[in-house]
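**Student:** Supplied in structure tokens, the structure appears directly below.
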Amino acid sequence: MVELEACVESLEEAKLASVHKLKRIELCNGLDVGGLTPSIGLIEACVKLHTIETHVLIRPRPGNFTYASAELDLIKRDIEMSAEKGVKGVVFGVLDEAGFLDFETNSELVQLSKSLGLDATFHRAFDAAGNPRSALNLLIQLGFDRLLTSGQAKTAIEGIEVIRDLVQQADGRIQVMAGSGVNPDNACELVEAGVDALHFSIRKLIRKEELGMGTTYQPDAEKLIGILSTLT
């Protein structure tokens, strides 16, 4: 059975995922900019649910995936603090100035994560990386547990052929998880491409707030139930 991972940015969404017995959540903040590192308080609250794995996105700012030394120090400390709070894994990814996977930096971060007993997932920085076949081989060599990817397209269904090729190349050596735009209408097609897991948000827009204060969302049980229904 394919594993299901909900990308959540609130305790209410985490509880919804837990109630429906998903495998794990990727906990983050700022999904509207691709996801950022969540607060320690939110991490603590989600870990206390106990019935679902909590994996924390480690991304200190929006924008590209090439980080200065001071930013990498923040990333390392966020990994350490997440481990202290009892999470199951962390999610990160670093590219070099040329846009290729930064082997040395990712190696250091994987080793830190593993030393703390954490799973390591390489996030959609992969979809901005040059030479995806080579990048996948490097992720396997580095010891990442899984890759989150849309097949280097805007959505996973648009990148399905690349995802299919990545699954074949991985040959079980790393979990390949499809994410971006996953919904009840395309979940089965993505599973048929051979992916090990699906990654999707479980929120719906309520309103855009005034004074530039962002957008309010609430958990979307209908979407989650729809995905579960189509896969059973």
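**Student:** Just to be sure before I move on: is residue 32 touching a strand residue (DSSP E or B) at 6+ places or on another chain (Cβ under 8 Å) and open to solvent by 50 Å² or more (accessible area, probe 1.4 Å) in the structure I sent?
**Tutor:** Against the criterion (touching a strand residue (DSSP E or B) at 6+ places or on another chain (Cβ under 8 Å) and open to solvent by 50 Å² or more (accessible area, probe 1.4 Å)), residue 32 qualifies.
**Student:** Got a sec? Which of 128, 153 is among the aliphatic types (A, V, I, L, M), farther than 14 Å from residue 54 by Cβ, within 16 Å of the chain's Cα centre (by Cα) and open to solvent by 50 Å² or more (accessible area, probe 1.4 Å)?
**Tutor:** Among 128, 153, only 128 is among the aliphatic types (A, V, I, L, M), farther than 14 Å from residue 54 by Cβ, within 16 Å of the chain's Cα centre (by Cα) and open to solvent by 50 Å² or more (accessible area, probe 1.4 Å).
**Student:** Considering each residue of region 190-214, count those that are loosely packed, with under 13 Cβ neighbours inside 10 Å and within 21 Å of the chain's Cα centre (by Cα), and give that number.
**Tutor:** 3
**Student:** Answer yes or no as to whether residue 117 is assigned to a loop (DSSP other than H, G, I, E, B), modelled with pLDDT under 95 and out of contact with any Pro (no Cβ under 6 Å at 6 or more places or on another chain).
**Tutor:** Considered against the rule, which asks whether it is assigned to a loop (DSSP other than H, G, I, E, B), modelled with pLDDT under 95 and out of contact with any Pro (no Cβ under 6 Å at 6 or more places or on another chain), residue 117 comes out as no.
**Student:** Does region 148-196 hold any residues that are under 20 Å from residue 226 (Cα atoms) and hydrophobic (A, V, I, L, M, F, W, C), and which are they?
**Tutor:** 156, 157, 177, 178, 182, 187, 188, 190, 191, 193, 195
Residues are listed down the side, and each one gets a yes or a no for (1) surrounded by 20 or more Cβ atoms within 10 Å (Cβ to Cβ); (2) in a loop (DSSP other than H, G, I, E, B):
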| position | (1), (2) |
| --- | --- |
| 108 | no, no |
| 134 | no, no |
| 138 | no, no |
| 178 | yes, no |
| 183 | no, yes |
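**Student:** So, one more: Would you tally the residues in region 1-22 being part of a helix (DSSP H, G or I) and open to solvent by 10 Å² or more (accessible area, probe 1.4 Å)?
**Tutor:** Residues meeting the conditions: 6.
Yes/no matrix, rows are residues, columns are (1) acidic (Asp, Glu); (2) within 16 Å of residue 126 (Cα to Cα):
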{"site": "155", "(1), (2)": "no, yes"}
{"site": "159", "(1), (2)": "no, yes"}
{"site": "162", "(1), (2)": "no, yes"}
{"site": "165", "(1), (2)": "yes, yes"}
{"site": "168", "(1), (2)": "no, no"}
{"site": "187", "(1), (2)": "no, no"}
{"site": "209", "(1), (2)": "yes, no"}
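**Student:** Further question: Which pairs do you get when a residue that is farther than 13 Å from residue 218 by Cβ and acidic (Asp, Glu), found in region 4-18, comes within reach of a residue that is modelled with pLDDT of 95 or more and open to solvent by 30 Å² or more (accessible area, probe 1.4 Å), reach meaning Cβ atoms under 9 angstrom, with the pair 6+ apart or on two chains?
**Tutor:** 5/23; 5/53
**Student:** Take the residues in region 39-76 that are of a type in the set (Gly, Ala, Ser) and over 28 Å from residue 104 (Cβ atoms), then tell me which one is surrounded by the most Cβ atoms within 10 Å (Cβ to Cβ).
**Tutor:** 45
**Student:** Okay, next question. Would you mention how many residues in region 189-207 are touching a Pro at 6+ places or on another chain (Cβ under 9 Å) and within 24 Å of residue 121 (Cα to Cα)?
**Tutor:** So the count comes out to 2.
The values are calculated or read from the model by the stated rules, or taken from the named source; none is laboratory data. Please read all numbers here as calculations on a predicted model, not as lab measurements. Quick reminder, even Gly has a Cβ in these numbers, built from the backbone with ideal geometry, and neighbours come from all protein chains shown. These accessible areas exclude ligands, DNA and RNA; they are computed on the full protein's heavy atoms, side chains included. Shrake-Rupley method; radii C 1.70, N 1.55, O 1.52, S 1.80 Å.
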